[in-house]
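S.K.: There's a structure below that I have some questions on.
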Amino acid sequence: MNKSRVNYMLDVVIGLSFLLAGLTGIAFLFMGSGGYQGGRNPGFETVWLGIEREVWSDLHTLGSLVMMAGVGMHLVLHLKWIVCVTKQMLPKLPSLRRKEEQCEITA
């Protein structure tokens, strides 16, 4: 599998997990506050769109963890480029910067 395909698939995973985390986060806005609160919370066992609050929470956590792992992998795959561009952005530190260095953009 070439690097472009790996990057594309990783970006798809990150995007889908972002959507999952975002949509479940919006669901929590409609469900109100959770938590038992000694029995004083009428929204404790909230069901929204036929899905229980606990399932929404699990989906939200799963989406967030997958997104964090994907972003971590994305950063590792692009570490060489990140270091190169960072060196170019810090011209005050000549020991870090090589003259005429081009940062290769590889997909």
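The values are calculated or read from the model by the stated rules, or taken from the named source; none is laboratory data. Just so we're clear, the structure is a prediction, and the values are computed from it rather than from any experiment. Don't worry about glycine lacking a Cβ; one is built from the backbone with ideal geometry, like all the others, and counts go over all protein chains shown. The accessibility values were calculated without ligands, DNA or RNA, using every heavy atom of the protein model including side chains. Shrake-Rupley method; radii C 1.70, N 1.55, O 1.52, S 1.80 Å.
S.K.: I'd like the accessible area for VAL76: 1.4 Å probe, protein heavy atoms, all chains in place, Å² to the nearest 10.
M.R.: For VAL76, the solvent-accessible surface is approximately 110 Å².
S.K.: Next up: Once the Cβ-Cβ distance between VAL85 and PHE28 is put in as r, and R0 is 41 Å, what FRET efficiency do you end up with, to the nearest 0.05? It would help to have the intermediate numbers written out before the result.
M.R.: Working: r = 37 Å, r/R0 = 0.90.
The pair VAL85/PHE28 has a calculated efficiency of 0.65.
S.K.: What distance in nm separates the two pseudo spin-label positions at VAL47 and ASN2, each 7 Å out from Cα along the beta-carbon direction?
M.R.: Roughly 5.1 nm, to one decimal.
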